[in-house]
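The values are calculated or read from the model by the stated rules, or taken from the named source; none is laboratory data. No experiment lies behind these values; they were computed from the predicted model shown. Neighbour counts run over all protein chains shown; Cβ positions are idealised from the backbone, glycine included.
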Amino acid sequence: MMLEYDPGMIAIYSPTMIPIYLCGIVAIYAVIRVVMEKNTLRKLVFLSVMNFAITGLVVLTIPDIMALFAGLAYFIGSNLEANAIASTYVGGEYSK
Amino acid sequence: MTGLVLNIIIAALVSWIIFITIDIIFKLPERGGVSGADGIGHAIAADGGSLNGGFMMGNIVCSPDASAGVLLAACGVFVAGIPGGLIAAVVVYVGNRICNDPGYAGFTGAVWATFIISWFGLIGITPDVFIAGMVIAILTIQGISHRYASLLLNRLWRIRA
């Protein structure tokens, strides 16, 4: 049986896919840098680049309002986790 | 396709200028807002970078600042237009409060970026291009070389201080 043509589907070589590919490449690059980095606190800085790229991917691949909320929740949650890890690592108290 | 690549470069430059300007106006490089940001600043300074630039990079990691505001506003405008961007701004404000960050850089950045990105949509640079542009802009600061990025941020901070 032949597959029907789906006008809503975007071909993988279409130029409109370039932003999605860019976000994916940046995410993979950031993960490689995280693995290669020795210092825990500096790992978190590379990890934040991955969080930016994944948030972009979530919203770009599913252009829907609920995906926006998923991306927002993912990003704020990842910031909170990085904050908690870094604060615990350096001693735990807020510096004022 | 060449036009799209050019648009991504323009979007990356515009997002870079927006988030660096707002972060420096809100004095993010002055000190680490929370102790984690303070520790990241010292870790980058120990590697040969600048302490003030390190504080700003630590603040970007530990709390949603203007760079997060620009990315999430671009996501919001991409999905739901200007109302989507303003929803993102409210969530960034809540995130700032959750992360115990005293500043308003994220909220201000998101509101500004919503209107700037909507305006660029009128001249053909769409919000999905801005999402990719913001990812590239944050890559240049946080992902290539912490030492030189922090020295660059320190030089820009000297102009403000």
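Just checking, how many residues over the range A:68-90 are at the interface with another protein chain (Cβ under 7 Å from one of its Cβ atoms) and buried (at least 17 other Cβ atoms within 10 Å of the Cβ)?
Adding up the residues that qualify gives 12.
Quick one: which of B:Ala113, B:Ala132, B:Ala105 is buried (at least 24 other Cβ atoms within 10 Å of the Cβ) and either within 11 Å of another protein chain (Cβ to nearest Cβ) or modelled with pLDDT of 95 or more (or both)?
B:Ala132
Out of the residues in the range B:118-129 that are in a helix (DSSP H, G or I) and more than 13 Å from chain A (Cβ to nearest Cβ), state the one that is farthest from B:Ile24 (Cα to Cα).
Filtering the range B:118-129 for residues that are in a helix (DSSP H, G or I) and more than 13 Å from chain A (Cβ to nearest Cβ), the one farthest from B:Ile24 (Cα to Cα) comes out as B:Leu122.
All but one of (1) closer than 15 Å to B:Ala68 by Cβ; (2) more than 7 Å from chain B (Cβ to nearest Cβ) hold for A:Val45, so report the exception by its number.
With (1) closer than 15 Å to B:Ala68 by Cβ; (2) more than 7 Å from chain B (Cβ to nearest Cβ) applied to A:Val45, the lone miss is (2).
Taking the condition of being touching a residue at least 40 places away in the same chain (Cβ under 8 Å), over 16 Å from B:Ala43 (Cβ atoms) and facing another protein chain (nearest Cβ under 8 Å), how many residues in the range B:135-161 meet it?
Matching residues across the range B:135-161 total 3.
Can B:Ile82 be described as of a type outside the set (S, T, N, Q), surrounded by fewer than 17 Cβ atoms within 10 Å (Cβ to Cβ) and in contact with a Ser or Thr (Cβ under 7 Å, 6 or more places away or on another chain)?
Yes: the conditions hold for B:Ile82.
Cβ-Cβ below 9 Å, separation at least six or inter-chain, first residue in the range B:67-79 and within 15 Å of B:Ala12 (Cα to Cα), second outside any helix (DSSP H, G or I): which pairs?
Final answer for the pair search is B:Leu72/B:Pro64.
Name the one entry in B:Val70, B:Val90, B:Val79 that is facing another protein chain (nearest Cβ under 9 Å), in a helix (DSSP H, G or I) and not charged (D, E, K, R).
None of the other options fit; the residue is B:Val79.
Return the only residue of B:Gly84, B:Gly58, B:Gly36, B:Gly48 being more than 7 Å from every other protein chain (Cβ to nearest Cβ) and either assigned to a helix (DSSP H, G or I) or closer than 9 Å to B:Ala110 by Cβ (or both).
Going through B:Gly84, B:Gly58, B:Gly36, B:Gly48 in turn, the sole match is B:Gly58.
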